[in-house]
Amino acid sequence: MSTAFRSCFVLSGFILAYITYLLLGALVFSAIERPVEETLKSDLSSLKAEFLNLSCINATALEVFLEKVLRANKYGVSVLENATLRTNWDLASSLFFANTMVTTVGYGHTTPLSDAGKAFSIVYALIGVPFTMLVLTACVQRLMHPLTYGPISVCQRRAGLQPRAASVVHFIVLLFLVVLGFFVLPALVFSAIEETWSFLDAFYFCFISLCTIGLGDFVPAEKPGQRLRALYKISVMVYLFVGLMVMFLVLRTFHKLADVHGWTAFFQLPSCDEEDEDKEPIIEREPDEESPEAEQASVKPLDPSSQVSYNSINR
């Protein structure tokens, strides 16, 4: 089995295990939180009916009602009639929640309702966040050769550029393509799907999400009556994962640029070492195998002049 094939096989295993981990987390979150959400919705509906049946509404009753409504809204449960028809803990929504948790985006629009859900979130994130970083690192290391080292080498061979100039040109082109493909075009798509979002709102959402800031003021697929809501959420999940991988690739490429220009050495930072994953040695030797030259050197007598004697010691 070649090194390249083995590397692809291991990377595919990482990605498959990551998807399985997200699915398992989504199933557990849905099983724990959905019954609690249904209970909260029922209590909120009863509270709304009692409030409407009051013959005389005073300030105290209004404050109690608003306090409970706001507390439920913090957990993603709304008192509005059209918003109660959907759930925040179906499989697609739970999968979206698990993905935003382990990628540290964390919009905060949906949070665990029960103590069991909060405890499971701690354990799930404790394992999931490092696992996500491991998968992203493995993917980026695999992409560094075709998307960074390869293009820089092509610029040097075909355009006759020096390493510094080639790295600058490559980084500018890569940055332009990333901004176009992961900020501008997705912003156009989000602004078309989300009727209340302007292009600036959608671009702002893309930037906040891919920088893992996740303020939560803009969250996709939360509009009541959203068509194909499950497919939409899964598509956003794929966009977030691929976008984070590309952002990591940009950072690694900038690290390579800084290394070529000597900035890392100037600031005494570690250099971006090139990983030779796709290269194999021409001849593979066994650990105990010695070359003929080494064998001849081992049986060759030592030169008397090279031996240390008492007279050669400086006094």
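For ALA98, state whether it is touching a residue at least 40 places away in the same chain (Cβ under 8 Å) and under 16 Å from VAL236 (Cβ atoms). When the stated conditions are applied, ALA98 passes them. Please work out if ASN73 is more than 24 Å from ASN99 (Cβ to Cβ), out of contact with any Lys or Arg (no Cβ under 7 Å at 6 or more places or on another chain) and open to solvent by 80 Å² or more (accessible area, probe 1.4 Å). Taking the combined requirement at face value, the residue does not satisfy it.
Results for (1) at pLDDT below 95; (2) surrounded by 12 or more Cβ atoms within 10 Å (Cβ to Cβ); (3) under 26 Å from ALA98 (Cβ atoms); (4) out of contact with any Leu (no Cβ under 6 Å at 6 or more places or on another chain), shown as yes or no for each residue.
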position: ILE122; (1), (2), (3), (4): no, no, yes, yes
position: VAL140; (1), (2), (3), (4): yes, yes, yes, no
position: TYR149; (1), (2), (3), (4): yes, yes, no, yes
position: GLY160; (1), (2), (3), (4): yes, no, no, yes
position: PRO163; (1), (2), (3), (4): yes, yes, no, yes
position: SER167; (1), (2), (3), (4): yes, yes, no, no
position: LEU180; (1), (2), (3), (4): no, no, no, yes
position: ALA187; (1), (2), (3), (4): no, yes, yes, yes
position: PHE199; (1), (2), (3), (4): no, yes, no, yes
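When restricted to residues that are free of Cβ contacts under 8 Å to residues at least 12 places away in the same chain and not in a helix (DSSP H, G or I), region 1-28 contains 1.
Restricting PHE5, PHE65 to those that are crowded, with 17+ Cβ neighbours inside 10 Å and over 20 Å from the mean Cα position of the chain (by Cα) reduces the list to PHE65.
GLY13 meets all of the listed conditions (1) surrounded by 14 or more Cβ atoms within 10 Å (Cβ to Cβ); (2) of a type in the set (Gly, Ala, Ser); (3) modelled with pLDDT of 85 or more but one, namely (1). Output yes when any residue across region 197-219 is of a type in the set (A, V, I, L, M, F, W, C) and either more than 22 Å from GLY108 (Cβ to Cβ) or touching a strand residue (DSSP E or B) at 6+ places or on another chain (Cβ under 6 Å) (or both), and no when none is. Checked region 197-219: at least one residue is of a type in the set (A, V, I, L, M, F, W, C) and either more than 22 Å from GLY108 (Cβ to Cβ) or touching a strand residue (DSSP E or B) at 6+ places or on another chain (Cβ under 6 Å) (or both). When THR212, THR196 are checked against the criterion of being more than 23 Å from THR132 (Cβ to Cβ) and among the β-branched types (Val, Ile, Thr), a single residue qualifies: THR196. In region 220-236, the qualifying residues are those that are open to solvent by 20 Å² or more (accessible area, probe 1.4 Å) and of a type in the set (A, V, I, L, M, F, W, C), and the one that is farthest from the chain's Cα centre (by Cα) is LEU228.
In region 272-286, the condition of being at pLDDT 50 or above and open to solvent by less than 80 Å² (accessible area, probe 1.4 Å) is met by at least one residue. Is it the case that some residue within region 124-131 is farther than 24 Å from SER12 by Cβ and out of contact with any Cys (no Cβ under 7 Å at 6 or more places or on another chain)? Yes, region 124-131 contains a residue that is farther than 24 Å from SER12 by Cβ and out of contact with any Cys (no Cβ under 7 Å at 6 or more places or on another chain).
The values are calculated or read from the model by the stated rules, or taken from the named source; none is laboratory data. Since the structure is predicted, the reported quantities are computational estimates derived from the model, not experimental observations. Positions of Cβ are backbone-derived with ideal geometry, glycine not excepted, and every protein chain shown enters the neighbour counts. In case anyone asks, the SASA skips ligands and DNA or RNA and just uses the protein heavy atoms, side chains included. Shrake-Rupley method; radii C 1.70, N 1.55, O 1.52, S 1.80 Å.
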